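Beneath this line is the structure, given in structure tokens, with notes to follow.
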Protein chains: 2
Amino acid sequence: MNEAKTKPLSDEARLDWLRLIRSENVGPVVFRQLLERYGDPAAALQALPELARRAGGKRRIRLCSSAEAEAEMAAARRAGVRLLALCEPGYPEALRGLEDAPPVLAVLGNLAALGLSTVGIVGARNASANGRRLAGQLAADLAAAGLAVASGMARGIDTAAHRGALPRPTVAVLAGGADVVYPPENAALHAEIRRDGAVIAEMPLGTVPQARHFPRRNRLISGLSLGVVVVEAAKRSGSLITARFAGDQGREVFAVPGSPLDPRAGGCNQLIREGATLVESAADVLEGLGGLGRAERPLSPAAHALPPAAPRALPPVLSAPAEPGDAERAVIEELLGAEPIQVDDVVRQTTLPIAVVHGVLLELELAGRVERHPGNRFARLYKAPANPL
Amino acid sequence: MNEAKTKPLSDEARLDWLRLIRSENVGPVVFRQLLERYGDPAAALQALPELARRAGGKRRIRLCSSAEAEAEMAAARRAGVRLLALCEPGYPEALRGLEDAPPVLAVLGNLAALGLSTVGIVGARNASANGRRLAGQLAADLAAAGLAVASGMARGIDTAAHRGALPRPTVAVLAGGADVVYPPENAALHAEIRRDGAVIAEMPLGTVPQARHFPRRNRLISGLSLGVVVVEAAKRSGSLITARFAGDQGREVFAVPGSPLDPRAGGCNQLIREGATLVESAADVLEGLGGLGRAERPLSPAAHALPPAAPRALPPVLSAPAEPGDAERAVIEELLGAEPIQVDDVVRQTTLPIAVVHGVLLELELAGRVERHPGNRFARLYKAPANPL
């Protein structure tokens, strides 16, 4: 699906998009599978209880009611938040191409900021003064070259990157609700970003960010961006997770090096050893993006190609799930365990058609009996999980 | 030529090797060409005056006399310096493979140190305390893994590397004579290295190092080594020259990264961007050398393959120079100018056989009328040069 094919939803249709993604056990990938199988969210909502029941869900699946979704839409209007569906104009192009793009994105601020070519800048919360200075200068120079700077509004590098880019457009991707300022000292920054750029989130308004939300948020920073620059990151840090998402998503990964004696440089140095591009300045980043910004004017996404992995029609890699029979369901259930297994392996070992395997996994996921892991892998859940939203 | 084919020279033969390399306009490459054309140094010495005259040398070429060479050999004996010819056992294997390996090497200390697998560590003279600490630790760990550490005994990183390796074998490659301590404060270090490792040089004993000697010396550090580690180096520094030699010689290039805010890291970061391996520890270096030292015992050069570029028979890349006629000499002279030109280009533009081109260039070099530049390039000299030795 590209921009030319998008059109604004009616309020009624948007309500169904919101209801489906806010329903139990429905994540972005399941959402896309359901949309493909049933054509629109309303039909998918109708089918959900039966799908979940078939795979042995212990109790009736909890659907988001019209009243709940209407309340969220009303709260969004009051807060000045726009709820933007994946199929609508203005939804960020780069993000739309991801297989797990949020079906509905909450946007505070200027939609125009989401239409610019974007570079992510992320790094340590406990950043050094030098690291903050570097992040701020990189952001200022990249913004001056016409790029939007995306980050996570966390303490340290993220804050320095947003501040460096302002008053030019910068995009804050929040792990909680778009209206929830975290950390609290960034209230003024939150206000400035919504004035000069945009604050976005996939969680419902009012959601207080929790640890499990951060990896999901990080995939949006990289997903929005042509490339991600990591400035100061320890080994085994959240910034490295963002960098790995970026690599998996076909984005450029850049890292600012540092002395081996500085533990805050360990993650960046490791990324460089693994193939990330060493950068010391915005010029290095622009060169790594193929001379973007050389023209010294704002560039629209249309002005250059995204990496081939990015702008794909929906659904990107999944074949349409087919209706499975009981025997097939049993064979696949038997195969799944606590250790995540790749869908390809399930297909190979069962010799079932991939569409049937996807059909069974879709039902099991909706029933809360399997959990999806990165890399199209699935593990059995031995207890019914809480609603992840 | 490999170790098995080498044999010690008689004192008489060594005298001729020394006379030939100490004669005017004879550098290591010309030495090899002469050896190949005339079979041994004595015959080459006889032919030199006529070769130089043919190419229009303004005055008779100055040969090193037997008396001068005997005086150098006597001085070497008194100083405990061994003069080792390229064709003799004990000459470092890795070095022997270079097209411009010194025909005669002065060695103070233990020949055994030259038989170990070697890693070069080089860097800034005005190194930071952290840089010295890193260089020392790298050297200590590499030496503990059984490798000899080669460096240039300069202030800063070089000194720290030698000190870190001691009392395990380390090799100091001097730009002046093997007996000339420079910088003066390193007198104690010089003594320790000759006791526990080796000090080597290609210049005559007593030569005080000058700026123009350093690039020549740097090629020996990398030539001795399987790889070179650069610790703290500014852009456009001598350490980068060593790193480029290492790359040209087919050696691994390693660099320790640093903050973009630290000017002493600029050269290392640039090397990494150009493809050098980022290293933070000796383990990274050992991994980059293909697991060398994993066995935690001293490794002889025979225990693993050198890079393919290294261990070549003499002469490595030059076709034997042929005797040219006057017309061919005139055509080639006409083509040469102040800007260095590649031998390949001379061949292409004149359509003369490469052996004839080499023959003319050999004569012109001996006549002091052309100068050899790195990368097999030649430039016309418009004034007779001073004897470079």
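Only the coordinates and a few stated rules stand behind these numbers; no lab work does. Only a predicted model underlies this, so the values are computations on that prediction, with no experimental measurement involved. Every residue, glycine among them, receives a Cβ derived from its backbone with ideal geometry; neighbour counts consider all protein chains shown.
Work out the mean other chain Cβ neighbour count within 10 Å for the residues of B:250-260 and drop it here as an integer.
That average works out to 5.
With the label 7 angstrom out along Cα to Cβ, how close does B:ALA144 come to the same site in each of the other copies, in nm, nearest first?
Spacings between copies for this position, smallest first, are 4.7 nm.
Between B:ARG59, B:ARG168, B:ARG329, find the one with the highest GNM mean-square fluctuation for chain B; connect C-alpha pairs within less than 10 Å.
B:ARG59
Add -39500 (n - 2.57) for each DSSP H run of 4 or more in chain B, then divide by its residues: what number comes out at 222 nm, to the nearest 500 deg cm²/dmol?
The helix-only estimate for chain B comes to -12000 deg cm²/dmol at 222 nm.
When chain B is treated as a GNM, springs tying every alpha-carbon pair under 10 Å, which of B:GLY197, B:GLY375, B:GLY238 comes out with the largest mean-square fluctuation?
B:GLY375
Taking H as built 1.01 Å from N, whose amide H comes closer than 5 Å to the amide H of A:VAL229, not counting residues under 5 places away?
Amide H neighbours of A:VAL229, under 5 Å, 5+ apart: A:GLY120, A:ILE121, A:VAL122, A:PHE254.
How would you rank B:37-45, A:62-70, A:347-355, B:129-137, highest first, on the average number of other Cβ atoms within 10 Å across their residues?
Answer by packing, highest mean first, reads B:129-137, B:37-45, A:62-70, A:347-355.
Using +1 at the Cβ of each Lys and Arg and -1 at the Cβ of each Asp and Glu in segment A:1-129, identify which of A:PRO28, A:LEU84, A:SER65 lies farthest towards the dipole's positive end.
Positive-most Cα among the choices belongs to A:SER65.
Nearest 20 debye, what's the magnitude of the dipole of segment B:112-215 about its Cα centre given +1 on Lys and Arg Cβ and -1 on Asp and Glu Cβ?
220 debye
How far, in nm to one decimal, is A:ARG62 from itself in the other copies if the label point is set 7 angstrom along Cα toward Cβ? Shortest first, please.
Ordered by distance, the counterparts are at 9.6 nm.
Find the chain B residue whose Cβ sits closest to the rotation axis that carries B onto A, and give that distance in whole Å.
Spelled out as residue then distance in Å, it is B:PRO257, 2.
When only alpha-carbon atoms count, how far does segment B:125-249 stretch along each of its three principal axes, as whole angstroms with the largest first?
Here the spans come out as 33, 33, 26 Å, largest first.
Looking only at A:PRO374, A:PRO204, A:PRO167, which one moves most when chain A is put into a Gaussian network model with springs between Cα atoms under 10 Å?
Taking springs between Cα atoms under 10 Å, the residue moving most is A:PRO374.
Please determine, in degrees from 0 to 90 and to the nearest 10, the orientation of helix B:213-224 with respect to the longest principal axis defined by the Cα atoms of chain B, where the helix direction is its Cα long axis.
70 degrees
Given a Förster distance of 45 angstrom, what is the FRET efficiency for B:ASP248 paired with A:ASP40, based on the Cβ-Cβ distance and rounded to 0.05?
For B:ASP248 and A:ASP40, the calculated efficiency is 0.10.
So what's the angle, to the nearest 10 degrees on a 0 to 90 scale, between helix A:326-335 and the longest Cα principal axis of chain A?
Approximately 50 degrees, to the nearest 10.
Relative to the longest principal axis of the C-alpha atoms of chain A, give the angle of the C-alpha long axis of helix A:187-196, reported between 0 and 90° and rounded to the nearest 10°.
Rounded to the nearest ten degrees, it is 90.
With a bin width of 20 angstrom, please list the P(r) values of the protein assembly as shown as percents of all Cα-Cα pairs, from the 0 bin to the one holding the largest distance.
Spelled out per bin, shortest first, that is 15, 34, 26, 18, 7, 0.
Report, to one decimal in Å, the Kirkwood hydrodynamic radius for segment B:160-214 based on all distinct Cα pairs.
One decimal place: 11.3 Å for the Kirkwood radius.
Explain nothing, just the number: dipole magnitude of segment A:22-79 about its Cα centre with +1 on each Lys and Arg Cβ and -1 on each Asp and Glu Cβ, in debye rounded to the nearest 20.
Dipole size: approximately 260 debye.
So how strong a dipole does the protein assembly as shown carry about its Cα centre when Lys and Arg Cβ are +1 and Asp and Glu Cβ are -1, to the nearest 20 debye?
1320 debye
From zero outward in steps of 5 Å, how is the percent of C-alpha pairs of segment A:326-372 spread across the bins?
Spelled out bin by bin, segment A:326-372 gives 5, 22, 40, 26, 7 percent.
Given a Förster distance of 60 Å, report the FRET efficiency between A:ALA330 and B:LYS235 from their Cβ-Cβ distance, rounded to the nearest 0.05.
It comes to 0.35.
Report, for B:GLY290, each distance to the same residue's label point in the other copies, shortest first and in nm; define the point 7 Å along Cα→Cβ.
3.7
Hey, could you get me the Stokes-Einstein D for segment B:200-264, Kirkwood radius over alpha-carbon pairs, 4 °C and 1.567 mPa s, rounded to whole µm² s⁻¹?
For these conditions, the coefficient is 101 µm²/s.
Can you tell which of A:LEU205, A:ALA188, A:ALA276 lies farthest toward the positive end of the dipole of chain A, using +1 and -1 charges on the Cβ of basic and acidic side chains (Lys, Arg; Asp, Glu)?
A:ALA188
Describe numerically, in nm with one decimal, the distance between label points set 7 Å from Cα along Cα→Cβ at B:ARG53 and at B:ASN110.
Between B:ARG53 and B:ASN110, the label points sit 5.2 nm apart.
Kirkwood Rh over Cα pairs of chain B into Stokes-Einstein at 20 °C, 1.002 mPa s: D in µm²/s?
100 µm²/s
Taking every residue in B:263-270, how many Cβ atoms of other protein chains lie within 10 Å of its Cβ, on average?
2
For the protein assembly as shown, build the charge dipole from Cβ charges (+1 Lys, Arg; -1 Asp, Glu) around the Cα centre, then report which of B:PRO8, A:HIS162, A:THR350 sits farthest towards its positive end.
Farthest along the dipole direction, towards plus: A:HIS162.
When you count, for each residue, the other Cβ atoms within 10 Å and take the mean per peptide, how do A:228-235, A:184-191 rank with the highest first?
A:228-235, A:184-191
To the nearest whole percent, what portion of all C-alpha pairs in segment A:46-116 is separated by more than 16 angstrom?
Across segment A:46-116, Cα pairs with separations above 16 Å total 63 percent.
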